[in-house]
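Enquirer: Right, I'll just put the structure down here and ask away after.
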């Protein structure tokens, strides 16, 4: 996922705020002097809870994060002057079905250490189940994918944990950009594919990342009926560097059964060569597994 910014690692969630000038969180709002390191790249309007919020003041602001001190009244009537709230730009997590006709190409790319098409990462990791499926006749691949489709994920490093992790595709929303538009744009930018069928888990409601401290909203998606982006075919020039990702990403190709094994903590035989280390990714992957498990059940 697109880098949220170096400040998020310091601030989100359940953190000690260090750079709020020299004023403690319990002192009056009038004494606070915000530390500004750029204009926040997220919702312009501060969060306000109509039941409990009385006032708020910004104490730290940078491109990817804004920290505020809120004065709130609890349901029991207690006044709290120093409730810290973290705004992070809204973002999306995406898992995409791999195009059935692309499995041999993906396996060949994994063996050669090359990108399968222009716009995709240069490293590809393919699970054993996908390798076996790629050897089947085309019609058998289609039948196999119907019940246990091959999926596209990432394997990468992140600042917030040691070692590699299996990760969802996706990134940050531009100001005012709807979640679906973000998801579609991110797939085209990150791996060079377009998908025509989209499932947003939770309906049109994005999930609050932290119920008490904010940390933005995340919308999890599953994308299906995918194809290599037309605009990339025949284009041998490298894609423009976006600059938002600070970590190299490997494209992981695995099945739903592989993903379930990874969720159970089975690194060997699951997706990629690493565990799942981030809660939002684990949530998105769990929703994907449930989607395929229950999709034939009448609602």
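Values quoted throughout were computed directly from the atomic coordinates according to the rules given, and no laboratory measurement underlies them. As the structure is a prediction and not an experimental result, all values here were calculated from the model. All Cβ positions, glycine included, derive from the backbone under ideal geometry; neighbour counts span all protein chains shown.
Enquirer: If you stretched the chain out fully between residue 180 and residue 273, how much longer would it get, using 0.36 nm times the residue separation minus the C-alpha to C-alpha distance? Mind dumping the intermediate values first?
Expert: Numbers: separation 93, 0.36 × 93 = 33.48 nm, distance 2.96 nm.
Between residue 180 and residue 273, full extension yields an extra 30.5 nm.
Enquirer: How big is segment 92-294 by the Kirkwood estimate over distinct Cα pairs, in Å?
Expert: Details: mean 1/r = 0.0584 Å⁻¹.
Kirkwood radius, segment 92-294: 17.1 Å.
Enquirer: Quick check: pseudo-label points 7 Å beyond the Cα along Cα→Cβ at residue 36 and residue 197, how many nm apart are they?
Expert: The two pseudo-label positions are separated by 4.9 nm.
Enquirer: Nearest 0.05, what FRET efficiency do residue 132 and residue 294 give at R0 = 30 Å with Cβ-Cβ as r?
Expert: FRET efficiency, residue 132 to residue 294: 0.70.
Enquirer: If you don't mind, there's one more thing I want to ask. Given the Cα-Cα distance of residue 82 and residue 139 and 0.36 nm per residue of separation, how much length would full extension add, in nm?
Expert: Details: separation 57, 0.36 × 57 = 20.52 nm, distance 6.20 nm.
Between residue 82 and residue 139, full extension yields an extra 14.3 nm.
Enquirer: Moving to a separate point now. For each of 225, 90, count neighbouring Cβ atoms within 10 Å of the residue's Cβ, then give the residues from fewest to most.
Expert: Starting with the residue having the fewest Cβ neighbours, the order is 225, 90.
Enquirer: If we sort 190-201, 140-151 on the protection proxy, mean other Cβ atoms within 10 Å, highest first, what's the order?
Expert: Listed from highest to lowest mean packing, they are 190-201, 140-151.
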